[in-house]
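Colleague: Okay, handing you the structure first.
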Amino acid sequence: MPSYLVTGSSRGLGLAFVEQLALIKQYPKERTAILELDLGSPESIGKAAEEATKLLPEGLDTLVGNAGANDQPKPTFEQLDLKLFADELNLEIINNTIFIRSFLPLIRTGKPGKLIFMSSVIGSVELAATMPMLNDAYAVTRAALNMLIRKWGAALKFEGIAVAVVHPGWVPTTEIGSGIIEWVEKYAPQLPRIPVPEAAAAVVKVFETLTIEDTNTFFNYDGSKLPCAAPPNPCTNFGAYNANASSAYQYIDSNFQVSYGGGDRATGDWCEDNLSLGGATLQDAQFGVMYKSTILEGILSVSYPLIEGRNTFSGEPVYDNFPVLLVKQGYIASRAFSLWTNDDKGAAGTLLFGGIDTSKFSGELVTIDLVESGFDGFPGVVDFTLTLNSVTGTDASGNLVTFTSGTTPINILMDSETTITGLPQDLATSILAFVGATPYSNTPTSAYVPCSASSSIKTINFAFNGIAIAVPLSQLVIFPDATNTNCFFGIQISSNFIIGDTALAAMYVVHDLDNNQISLAPTIFDSTTPENILQIVAGPGGVPDSAKSSSVSSSTKSSTVSSVLSTGMSSSSSSSSSILSSPTSSSFLSSSSTSSLSPSTIPAPSSPQQTNPHPPQQQQSP
């Protein structure tokens, strides 16, 4: 009868492993013994090994290391308690070494002899740059554990002892997963959360089937194999484009490249293929295929073609982008779309091409002319920059507080690519004082507030030509620390004037590229009113109801919301043109002035597969 020793079995996954092992029918019941073992105490480890030796005279067949520490799930490296960090490293490296050495004689006696440790893909060196602010301390300690077990495996394989590391999946267990699931929910909602019983049952199968040939394998919970240095290509979690699976694929060249102010970049091929979204299939859509990238997901840019992709020498757009193709191929009447991001704590928002949904905003839309931004020296309107006339506050008593003397009006970019709203120093400083924010000592342009401020009834009011929109403080209080005491404040001092997601969430925004305008109205958060979709028609004044307000001045860069989970198309009663509706992710991930297109929206071709004249390059993990 095989024997198992599972650490960390008092709760969570460890307890579930023991329960699964006890349910295996071919083994006798009542065969579970409990040992007291504190991995943080070398003395306790030694005593547990002595007790196990008495209980298992024939040796230990499988040792499962499931204990770990995640005491600082949210602090960044600059905020870490270094003493606690040292304790965490000591537990994972020194104490696990003592643990293995103490039980190794028992494993050597057992048959066949297996050493298995639970770890996590967040300990991957290759993936580290793609998961900022996710458990910095835990990621380092897991990376150390992965290397420790891999080095042990290289040595023990010669003794016939199988050694492996297992990623149990994204499991919402006890505090060991604190911060991880929250991060996944916010930034990677497409990743499946695995229930504890399901994860435990799958991992136990890995225990049972592990062989010496599997030594140093990094297993996923379902038994699939992960690269030891990195998890499987994370791009596949968002959908990945396979050029060889499409008979409509046409290679153009290998000159695709894109970069962003935040440092993300990608290179690859230019190509054409058919693109389906919301019931529309666009023929011969041009996009970039990212083969080397720091960007995990495909990006659908819906801004001005000139800043999406242009000829380096002539400065002209190199292809018709998504909104242009929707009009040219008859799906919508005007290059226009409306964006309802909703709040980051609610359900997903919507991205509506060729129409507006009056159930998502209150009052009437006010139309504002865009202004020249001087982006890359191009004349005319090339992005969504508008004039911000003033910013005020409303305090808890309903009194209006003015911040903007001498600092406004300013031209400001409405940019759904950016989370934080950036304002001039004098203006931002006044706002920070109004909400009681404290600047970070290491980055004084940013500040934090008590997380309790999210329940404040204060608002920050943004006034444009013809309309002022109140942004609740709850939308500006984000990124809580490990103790949920202090939170990042979503307005900061910046020389780049941007209205980011923290403020855009309170605005229903219609982007009209044909007329170089936007239309604004206060959003209705978590609207439960049945949708009422009206078409945006071609020509001036095409946005419904906007003609009732005087046309004045200004609006965002490319407003593309990532993570399109599903699509649907509604017919307009007033025209043969259609309105395309796409739910958007509440995480507000978006992009601007890019040339790449979400590969997940490209359907598998119905015609037989053909060999491409220029096959895809070797995919590399970001």
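The values are calculated or read from the model by the stated rules, or taken from the named source; none is laboratory data. On a predicted model such as this, the values are computed, not experimentally measured, just so you know. Using ideal geometry, Cβ is built from the backbone for each residue, glycine included, and neighbour counts are taken over all protein chains shown.
Colleague: Look at the range 306-330 and say how many of its residues are more than 30 Å from the chain's Cα centre (by Cα) and at pLDDT 90 or above.
Modeller: Residues flagged as more than 30 Å from the chain's Cα centre (by Cα) and at pLDDT 90 or above within the range 306-330 amount to 4.
Colleague: To continue, here is another question. Identify, please: which residue in the range 369-396 is β-branched (Val, Ile, Thr) and more than 27 Å from VAL435 (Cβ to Cβ) and is, among those, modelled with the highest pLDDT?
Modeller: Checking each candidate, the answer is VAL371.
Colleague: Same structure, new question: Report yes if ASN465 is within 30 Å of VAL324 (Cβ to Cβ), surrounded by fewer than 18 Cβ atoms within 10 Å (Cβ to Cβ) and touching a strand residue (DSSP E or B) at 6+ places or on another chain (Cβ under 6 Å), otherwise no.
Modeller: When the stated conditions are applied, ASN465 does not pass them.
Colleague: Still on this model: When the residues of the range 71-112 are narrowed to those that are outside any helix (DSSP H, G or I) and more than 27 Å from the chain's Cα centre (by Cα), which ends up surrounded by the fewest Cβ atoms within 10 Å (Cβ to Cβ)?
Modeller: Start the filter on the range 71-112 by keeping residues that are outside any helix (DSSP H, G or I), which leaves 71-81, 110-112.
If we keep only those that are more than 27 Å from the chain's Cα centre (by Cα) too, we end up with 110-112.
Values: GLY110: 22, LYS111: 12, PRO112: 14.
If we take residues in the range 71-112 being outside any helix (DSSP H, G or I) and more than 27 Å from the chain's Cα centre (by Cα), then LYS111 is surrounded by the fewest Cβ atoms within 10 Å (Cβ to Cβ).
Colleague: Shifting gears a bit: Of the residues that make up the range 322-335, is at least one touching a residue at least 40 places away in the same chain (Cβ under 8 Å) and more than 29 Å from GLY542 (Cα to Cα)?
Modeller: No, the range 322-335 contains no residue that is touching a residue at least 40 places away in the same chain (Cβ under 8 Å) and more than 29 Å from GLY542 (Cα to Cα).
Colleague: Against the definition (more than 20 Å from PRO112 (Cα to Cα), surrounded by 14 or more Cβ atoms within 10 Å (Cβ to Cβ), at pLDDT 80 or above and in the same structural domain as ASP136 (by TED's automatic domain parsing)), how does LEU63 come out, yes or no? Give the derivation first.
Modeller: On the way: more than 20 Å from PRO112 (Cα to Cα): no; surrounded by 14 or more Cβ atoms within 10 Å (Cβ to Cβ): yes; at pLDDT 80 or above: yes; in the same structural domain as ASP136 (by TED's automatic domain parsing): yes.
No; evaluated as a whole, the condition is false for this residue.
Colleague: Between VAL537, VAL477, VAL509, VAL471, which is surrounded by 23 or more Cβ atoms within 10 Å (Cβ to Cβ), closer than 16 Å to ILE356 by Cα and of a type in the set (A, V, I, L, M)?
Modeller: On inspection, the qualifying residue turns out to be VAL509.
Colleague: On to the next question. I need a count of the residues in the range 449-467 that are in contact with a Phe, Trp or Tyr (Cβ under 9 Å, 6 or more places away or on another chain) and in contact (Cβ under 8 Å) with a residue 60 or more places away in the chain. Reasoning before the result, please.
Modeller: Within the range 449-467, the first condition is being in contact with a Phe, Trp or Tyr (Cβ under 9 Å, 6 or more places away or on another chain), and the residues that meet it are 449, 453, 458, 460.
If we keep only those that are in contact (Cβ under 8 Å) with a residue 60 or more places away in the chain as well, we get 458, 460.
Here the count works out to 2.
Colleague: Is there a residue being among the aromatic types (Phe, Trp, Tyr) and either outside the structural domain of LEU15 (by TED's automatic domain parsing) or surrounded by fewer than 18 Cβ atoms within 10 Å (Cβ to Cβ) (or both) anywhere in the range 154-164?
Modeller: yes
Colleague: Something else: Of the residues LEU82, LEU91, LEU39, which is in contact with a helix residue (DSSP H, G or I) (Cβ under 6 Å, 6 or more places away or on another chain) and at pLDDT 85 or above?
Modeller: On the way: LEU82 fails: in contact with a helix residue (DSSP H, G or I) (Cβ under 6 Å, 6 or more places away or on another chain); LEU91 fails: in contact with a helix residue (DSSP H, G or I) (Cβ under 6 Å, 6 or more places away or on another chain).
Within the list LEU82, LEU91, LEU39, the selection yields LEU39.
Colleague: Among THR394, THR367, THR350, THR419, which is the only one that is over 17 Å from TYR304 (Cα atoms), touching a Pro at 6+ places or on another chain (Cβ under 6 Å), in contact (Cβ under 8 Å) with a residue 12 or more places away in the chain and surrounded by 17 or more Cβ atoms within 10 Å (Cβ to Cβ)? Explain how you work it out, then say what you get.
Modeller: Working: THR394 fails: touching a Pro at 6+ places or on another chain (Cβ under 6 Å); THR367 fails: touching a Pro at 6+ places or on another chain (Cβ under 6 Å); THR419 fails: touching a Pro at 6+ places or on another chain (Cβ under 6 Å).
After applying the criteria, what remains is THR350.
Colleague: What are the residue pairs meeting all of these: first residue in the range 198-218, first residue within 10 Å of ALA164 (Cα to Cα) and of a type in the set (Phe, Trp, Tyr), second residue at pLDDT 85 or above and surrounded by fewer than 19 Cβ atoms within 10 Å (Cβ to Cβ), Cβ atoms under 7 Å, and 6 or more apart or on different chains?
Modeller: Hits for this filter: zero, empty list.
Colleague: Mind listing whichever residues of the range 131-164 are modelled with pLDDT of 90 or more and in a loop (DSSP other than H, G, I, E, B)?
Modeller: ILE161
Colleague: Kindly indicate whether ASN411 is touching a strand residue (DSSP E or B) at 6+ places or on another chain (Cβ under 9 Å), farther than 30 Å from PHE77 by Cβ and surrounded by fewer than 17 Cβ atoms within 10 Å (Cβ to Cβ).
Modeller: Numbers: touching a strand residue (DSSP E or B) at 6+ places or on another chain (Cβ under 9 Å): yes; farther than 30 Å from PHE77 by Cβ: yes; surrounded by fewer than 17 Cβ atoms within 10 Å (Cβ to Cβ): yes.
Judged against the criteria, ASN411 is a match.
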